[in-house]
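**Student:** Dropping the structure in here first, questions after.
The values are calculated or read from the model by the stated rules, or taken from the named source; none is laboratory data. On a predicted model such as this, the values are computed, not experimentally measured, just so you know. Cβ sites come from the backbone with ideal geometry, for glycine too, and all protein chains shown count toward neighbours.
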Amino acid sequence: MSAEATATVLSLFLIFCRIGACLMLLPGYSSNVVPANIRLFVAVAISLSLSPSLLPDILPIVRVSGDDMRLQMIFTELLNGAMIGTLGRIFMIALNFAGNVAANSIGMGQAIGATIDETEATPAIVTLITLTATVLIFALNLHAEVLKAILASYRTMPVEAGFAARSGLVQITDNLDETFLLCLRIASPFIVYAVIVNFAIGLMNKMTPQIPVYFISLPFVIAGGMMLLGVSVGDFLRIFMQNYQLWVLGG
């Protein structure tokens with residue numbers, strides 16, 4: 001293989017490193033229900049489709065680089081892609097946490113459902129919420145906007161600049177702060193519901209210690225919680241999708 005062909009193949013592999021590492025963590029693309037070979041083919045196809053616009057900038061750098069520099073670029077591109085994917089994954093982690101708070105607050109924490117985006121079993125309400133959010137990401141075409149953001153990342157994080165650990169840590173910390181405040185915001189009705197209901201049940205249990213109030217009241221707690229979920233789930237998901245869309249479009 002000639003030196004030019006080697007540089008071209010390596011440039012394509014560098015593109016695949018960032019895009020593949022990002023898609024491995026992004027919501028929707030990284031779902032466990034999608035077979036690993038399908039995810040690999042999607043990452044390769046997206047890398048090849050974006051390569052015509054990226055190769056003119058990456059190929060000259062690879063041509064003049066030595067083997068040690070090329071290995072360093074492979075490693076840093078993996079880190080850059082993983083950082084972008086982690087920023088998106090944090091949103092889904094926060095949504096999962098908010099769903100767990102809601103499920104436990106209304107007494108549905110033990111009703112285990114099928115896993116969609118996690119490796120361990122989660123409550124059925126969490127599965128419903130995360131699956132709906134994943135569908136909305138694709139329905140609102142945010143998966144394509146994410147690809148535009150990855151393409152734009154080559155301007156702010158060029159291949160030759162390597163991996164900026166400090167700025168990456170700052171971005172992840174800021175994203176954690178924003179997403180878990182978002183989590184508290186969208187789960188707040190269920191927290192208030194749990195406080196009021198548990199206070200009322202505790203007060204009734206003190207007044208009538210002979211009656212197992214907690215076990216008798218559980219169906220009513222679940223019924224009230226399901227009514228609250230039915231009323232608030234629309235705003236729950238709308239607020240989440242608005243914040244996720246702001247992150248995707250704002251970079």
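**Student:** Between a residue in the stretch 8-27 that is free of Cβ contacts under 8 Å to residues at least 60 places away in the same chain and any residue that is in a loop (DSSP other than H, G, I, E, B) and among the hydrophobic types (A, V, I, L, M, F, W, C), which pairs come within a Cβ distance under 9 Å, given they are 6 or more apart or on different chains?
**Tutor:** V9/M1
**Student:** Out of the residues in the stretch 198-219 that are surrounded by 11 or more Cβ atoms within 10 Å (Cβ to Cβ) and under 34 Å from the mean Cα position of the chain (by Cα), which is farthest from I84 (Cα to Cα)?
**Tutor:** Going through the qualifying residues, I end up with L218.
**Student:** Taking the criterion of being basic (K, R) and within 20 Å of E145 (Cα to Cα), would at least one residue in the stretch 23-43 satisfy it? Quick ask: steps written out before the conclusion?
**Tutor:** Of all residues in the stretch 23-43, those basic (K, R) come to 39.
Next cut, within 20 Å of E145 (Cα to Cα) only: 39.
Yes; the residues of the stretch 23-43 include at least one that is basic (K, R) and within 20 Å of E145 (Cα to Cα).
**Student:** For the stretch 162-173, check the following and say yes or no: at least one residue is surrounded by fewer than 13 Cβ atoms within 10 Å (Cβ to Cβ), farther than 21 Å from L23 by Cβ and either touching a Pro at 6+ places or on another chain (Cβ under 7 Å) or of a type in the set (D, E) (or both). Step through it out loud before you land on a result.
**Tutor:** Step one: filter the stretch 162-173 for residues surrounded by fewer than 13 Cβ atoms within 10 Å (Cβ to Cβ), giving 165-167, 169-170, 173.
Pick out the ones that are also farther than 21 Å from L23 by Cβ and you get 165-167, 169-170, 173.
Still in the running and either touching a Pro at 6+ places or on another chain (Cβ under 7 Å) or of a type in the set (D, E) (or both): none.
No: zero hits.
**Student:** Does A36 meet the test of being small (G, A, S) and either without any contact (Cβ under 8 Å) to a residue 60 or more places away in the chain or on the phi > 0 side of the Ramachandran plot (or both)? Walk me through how you get there before you give the answer.
**Tutor:** Values: small (G, A, S): yes; either without any contact (Cβ under 8 Å) to a residue 60 or more places away in the chain or on the phi > 0 side of the Ramachandran plot (or both): yes.
So A36 fits the description; yes.
**Student:** To continue, here is another question. Can you tell me how many residues in the stretch 172-191 are within 18 Å of I84 (Cβ to Cβ) and either of a type in the set (K, R) or modelled with pLDDT under 85 (or both)?
**Tutor:** So the answer is 0.
**Student:** Filter the stretch 54-79 for residues that are surrounded by fewer than 19 Cβ atoms within 10 Å (Cβ to Cβ) and touching a Leu at 6+ places or on another chain (Cβ under 7 Å); which is farthest from L176 (Cα to Cα)?
**Tutor:** It comes out as R70.
**Student:** Continuing with this model, one more query. Go through (1) exposed (fewer than 14 other Cβ atoms within 10 Å of the Cβ); (2) within 24 Å of V248 (Cα to Cα) one by one and return the number of the condition S31 breaks.
**Tutor:** (1)
**Student:** Here is a further query. Condition first: farther than 16 Å from V233 by Cβ, outside any helix (DSSP H, G or I) and at pLDDT 80 or above. Now tell me which residues in the stretch 105-150 satisfy that.
**Tutor:** L140, N141
**Student:** Among the residues that make up the stretch 34-53, is at least one of them at pLDDT below 85, under 30 Å from L237 (Cβ atoms) and part of a loop (DSSP other than H, G, I, E, B)?
**Tutor:** The answer is yes, given that some residue of the stretch 34-53 is at pLDDT below 85, under 30 Å from L237 (Cβ atoms) and part of a loop (DSSP other than H, G, I, E, B).
**Student:** Looking at A102, A82, which is the one that is crowded, with 17+ Cβ neighbours inside 10 Å, within 30 Å of G224 (Cβ to Cβ), in contact (Cβ under 8 Å) with a residue 40 or more places away in the chain and touching a helix residue (DSSP H, G or I) at 6+ places or on another chain (Cβ under 8 Å)? Give the steps one after another, and end with the answer.
**Tutor:** Working: A82 fails: within 30 Å of G224 (Cβ to Cβ).
Selected residue: A102, the only one of A102, A82 that is crowded, with 17+ Cβ neighbours inside 10 Å, within 30 Å of G224 (Cβ to Cβ), in contact (Cβ under 8 Å) with a residue 40 or more places away in the chain and touching a helix residue (DSSP H, G or I) at 6+ places or on another chain (Cβ under 8 Å).
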